[in-house]
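Since every read-out is calculated from the coordinates, none of them should be taken as a lab result. Keep in mind it's a predicted model, so treat the numbers as computed, not measured. Here the Cβ is made from the backbone with ideal geometry for all residues, glycine too, and neighbour counts use every protein chain on show.
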Amino acid sequence: MRGADLPTSFVENVREEAPRGADFPATVAKNAHEGIPRGTSSPANTTDMRNVQLLPAEMLAAGKAMHLAQPHDRQKNYLLKEGAPVDFLVQLGIMTVDGKVHAQKYSKFRQINRFLEFVDDILPSLGAPEASETDEIAPKAPEIQETRSSETLPRTLEIVDFGCGKSYLTFAVYYYLTAIKGLAAHITGIDLKKDVIHHCRELASACGYTGMDFICGDVADFSGSTAPDLVITLHACDTATDYALSYAVKNGAKCILSVPCCQHELNSLTKKHVPDQAFSAMFKYGIIKERISALATDVMRAELLEISGYSTQILEFIDMEDTPKNLLIRAVKADQKRQKLDKPARKSGNAQNGQTTPTVEPFVALQNALGQTITLEKLLSQ
């Protein structure tokens, strides 16, 4: 990773502090604030760093300091801010070395930040400690974390990403949790494509992300050795999403973030004539049948997660103009017992401690209307 036009004093402080693993001094953030985001440094106080090689720890420290130094009056308050270089985004060609987002990659940059907002929302449910005032100015890069006594570190958050692909969002989650939030995290990415896994391993190595592992294999065959705190499925095709959700439920994941993709199963199983005549009319038209099947699939998944003891929402992930695969299922483990799928309750809910306990009745009603079920129901019934 090569540097950009950074203030000389800023780079010197990064070089001095980051490799030693010491807390990042406020003076470095001050230098960044004065010299980088607003471009107010005079030529005498800046050095062309394009031919200087920065170590991964230095790049992480630089990005952290400049994130903190950004002005607060920007139009969009992204968690990863434009103008602050992020090593993996530079490597992936989304950012320039001075933190500018390439115009043709801005939708991806927006998507990454949107997903990080979902991650940030569920941090309390993951048991992540709240940042102290000291954390405001102290980046905790992965390499730095490992040098500290295990007694002073919070437990490591275990995250599994099924169908990780090129892992733009996987790397974003790791960077956000470790470099910005100062948390210990370990992420396992799984994908069928060997070239994709090779690429991810090389990128993690280049960035010094020692808490990331990538496995080439089928989602359905994965069995982790550690219970996950968070399970992510981003565009895991068709029933791969079901296997990932089943793994999350059966292994007691605290949170699930799933963006389904290519929901073909229900569409291929459902014929034009179904038990409910209302569906029969809509299923006469191919494109309508495909879209209803996809939506019904995700509703059934959400209902099954509710039955399994999760508080579940279906939310808009990103604008439709960026991708039509824009629905996200967010599930947070609740203090409720898993319901049995073979014994539907007679009522839609039972009041317990002021809360409504989800039952299987809505799921069964939809299942009966369509005349079909989905893979997730079969997996959870096993």
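Rank the residues CYS237, CYS261, CYS164 as a footprinting-exposure proxy: fewest other Cβ atoms within 10 Å of their Cβ go first.
Sorted ascending by nearby Cβ count, the order is CYS237, CYS261, CYS164.
Arrange the peptides 225-235, 93-103 so that the one whose residues have, on average, the most other Cβ atoms within 10 Å appears first.
Highest to lowest by the protection proxy: 225-235, 93-103.
Highest mean first, how do 275-282, 176-183 rank when packing is the count of other Cβ atoms within 10 Å averaged over residues?
176-183, 275-282
Using a simple spin-label model with points 7 Å from Cα along the Cα→Cβ vector, what separation in nm is obtained for ASN326 and PHE222?
2.7 nm
Of all GluC sites (Glu not before Pro) in the range 222-327, which ones are in loop regions per DSSP and have a Cβ with at most 11 other Cβ atoms within 10 Å?
On the way: sites: GLU265, GLU290, GLU303, GLU306, GLU316, GLU321; in loops: GLU321.
Here the GluC sites (Glu not before Pro) that fit, given the DSSP loop and packing criteria, are GLU321.
Given 0.36 nm per residue, what is the gain on full extension from GLU290 to SER268 after removing their alpha carbon distance, in nm?
7.0 nm
Arrange CYS255, CYS216 by Cβ neighbour counts within 10 Å, fewest through most, would you?
On the way: CYS255 23, CYS216 16.
So the ranking, lowest neighbour count to highest, is CYS216, CYS255.
Kirkwood Rh over alpha-carbon pairs of the range 260-303, then Stokes-Einstein at 20 °C and 1.002 mPa s: what D in µm² s⁻¹, rounded to an integer?
205 µm²/s
Which pairs, out of LYS105/LYS181; LYS166/LYS193; LYS250/LYS333; LYS81/LYS108; LYS194/LYS254, put more than 21 Å between their alpha-carbon atoms?
The answer is LYS105/LYS181; LYS194/LYS254.
Tell me the net charge near PHE363. Cut-off is 9 Å between Cβ atoms, PHE363 excluded, with +1 for each Lys or Arg and -1 for each Asp or Glu. Working shown, then result.
On the way: positive: none; negative: GLU303, GLU306, GLU361, GLU377.
Residues near PHE363 contribute -4 overall.
Can you put ILE122, ILE329, ILE307 in order, fewest other beta carbons within 10 Å first?
By the 10 Å Cβ count, ascending: ILE122, ILE329, ILE307.
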